[in-house]
1. Test Leu185 against the criterion of being without any contact (Cβ under 8 Å) to a residue 40 or more places away in the chain, closer than 25 Å to Pro224 by Cβ and part of a strand (DSSP E or B), and give yes or no.
2. Can you name the residue in the range 236-248 that is surrounded by 14 or more Cβ atoms within 10 Å (Cβ to Cβ) and without any contact (Cβ under 8 Å) to a residue 24 or more places away in the chain and is also nearest to Phe181 (Cα to Cα) among such residues?
3. Does Tyr201 satisfy the criteria of being surrounded by 14 or more Cβ atoms within 10 Å (Cβ to Cβ), out of contact with any Cys (no Cβ under 8 Å at 6 or more places or on another chain), outside any strand (DSSP E or B) and modelled with pLDDT of 95 or more?
4. Please work out which residue is nearest to Tyr25 (Cα to Cα), limiting yourself to the range 103-127 and to residues that are touching a residue at least 60 places away in the same chain (Cβ under 8 Å) and of a type outside the set (A, V, I, L, M, F, W, C).
5. Exactly one of (1) touching a Leu at 6+ places or on another chain (Cβ under 6 Å); (2) part of a strand (DSSP E or B); (3) of a type outside the set (Lys, Arg) is unmet by Tyr160. Its number?
6. Taking the condition farther than 21 Å from Ile167 by Cα and not aromatic (Phe, Trp, Tyr), does Ser200 pass?
7. Out of Leu244, Leu189, Leu211, I need the residue that is within 24 Å of Ser104 (Cβ to Cβ), among the hydrophobic types (A, V, I, L, M, F, W, C) and in contact with a Phe, Trp or Tyr (Cβ under 8 Å, 6 or more places away or on another chain). Which one?
8. May I ask you to list the residues in the range 205-257 that are under 25 Å from Asn174 (Cβ atoms) and among the β-branched types (Val, Ile, Thr)?
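The values are calculated or read from the model by the stated rules, or taken from the named source; none is laboratory data. Quick caveat: nothing in here was measured; it's all calculated off a predicted structure. Positions of Cβ are backbone-derived with ideal geometry, glycine not excepted, and every protein chain shown enters the neighbour counts.
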Amino acid sequence: MRKREFVFSVFTAIILLCSCRTHRYIYSPPPHNIPYFQEKGDSKLTAYYSGGFDNESNEGFDIQAAYAITDHFAVAGAYSGRSEKNIYPYAAHSPYNTNIFDSSVVQYTRSMIEISAGWFTPLNKKRTITYNLYGGFGLGKFSIQDAGLDSAGKNYNRSYSNDLSKIFLEGGFNFMPSKNFHFSLSGTLSWVHYGNNTSSYTSRELQYFYLDKITNQTLFFYEPALNFQIGLRKWLKLDITETLCSALPENYPATRTFMQSVGLTVDLSKIGRLK
């Protein structure tokens, strides 16, 4: 009898764990724009493919550029785009389904343009270790398309969109032990402002997903990152970035907490006559 009760308790706990409140993700961290600059005239142009692991699909791309205007100052710009999907299947009318909808397919579209300026300085005589500090702002937008079955088993469709503005400060240490291998440890402090939303969610649904808490609000995110560059040519490198993002307090909407980006970086100053 005790064995049966134990098995039933474990089974119930698993069901309850799997039927936790579903999320609507309001933020996804972009890869850091990391220039390995040592002197005036250094440049970079990077194209990334980015994705995460906490969703059904995640296809995104990032384009970054930067240029050293002096031996210590540089300017940079970036564009980030994302297309994501989460699927939440549940049995209709299940007593363990505590979500506001029975089942959902949630699609996200995100975009952001950033510009920044910053300072870099060598920390050793060979200039193979540098400290970098950049500050900037961005403008963007994210939207949600939400469809599935409601709690009564009927089809539903919802949409949500919000304009974003962002101020950020990024600092980090760059290590260049050889021409063919670089790595960086960096951290970004981001303040993201969410403007007025356009939504077809009901007020109860907005409250359930905590989306009512972000209208005309500025939220803070901490985003550490680890970057590697591996030389393929004198002017071309394989670029890999792992980016984390801090979670918001318990009563706020969810964020994507991990993003991986893989791409190519071109140093235009080392091509042909620009050498």
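1. Answer is no for this residue.
2. If we take residues in the range 236-248 being surrounded by 14 or more Cβ atoms within 10 Å (Cβ to Cβ) and without any contact (Cβ under 8 Å) to a residue 24 or more places away in the chain, then Ile240 is nearest to Phe181 (Cα to Cα).
3. For Tyr201, the condition - surrounded by 14 or more Cβ atoms within 10 Å (Cβ to Cβ), out of contact with any Cys (no Cβ under 8 Å at 6 or more places or on another chain), outside any strand (DSSP E or B) and modelled with pLDDT of 95 or more - is met.
4. Tyr108
5. Looking at each condition in turn, Tyr160 falls short on (1).
6. The answer is yes for Ser200.
7. Just one listed residue meets the conditions, Leu211.
8. Hits for the range 205-257 are Ile230, Ile240, Thr241, Thr243, Thr257.
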